[in-house]
């Protein structure tokens with residue numbers, strides 16, 4: 001994971017802890033089924049979808065999984081990605097504060 005990707009994760013955690021989210025938050029919602037080029041897809045409530053709101057731009061025609069890999073350095077559906085972004089968290093801790101805590105815990109391991 002590169003320095004910029006770590007910085008992006010810190011920025012996302014700060015945003016999630018701010019209490020000033022600009023969209024719905026829900027770990028159980030993830031839209032990557034053709035929403036190409038849409039920064040504000042309207043249904044991606046997980047932390048990845050909040051990245052652009054946190055000031056981490058998404059590229060045109062970039063899917064959310066590609067975005068997560070590029071800006072956060074996490075490969076989709078494995079390791080760190082699952083420990084931070086997996087939809088299973090919806091049943092355990094479906095809060096932005098919980099997501100921020102998971103991000104910070106992973107950053108401490110790096």
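The values are calculated or read from the model by the stated rules, or taken from the named source; none is laboratory data. Keep in mind it's a predicted model, so treat the numbers as computed, not measured. Positions of Cβ are generated from backbone atoms using ideal geometry, with glycine treated the same way; all protein chains shown enter the neighbour counts.
Evaluated against (1) modelled with pLDDT of 90 or more; (2) crowded, with 16+ Cβ neighbours inside 10 Å; (3) out of contact with any helix residue (DSSP H, G or I) (no Cβ under 9 Å at 6 or more places or on another chain); (4) under 24 Å from residue 1 (Cβ atoms), residue 108 falls short on exactly one condition, (2). No other residue among 51, 45 is modelled with pLDDT under 75, under 19 Å from residue 90 (Cβ atoms) and crowded, with 19+ Cβ neighbours inside 10 Å apart from 45. Selection within the stretch 1-30: residues that are over 14 Å from residue 51 (Cα atoms) and under 14 Å from the mean Cα position of the chain (by Cα). The member of this set that is modelled with the lowest pLDDT is 29.
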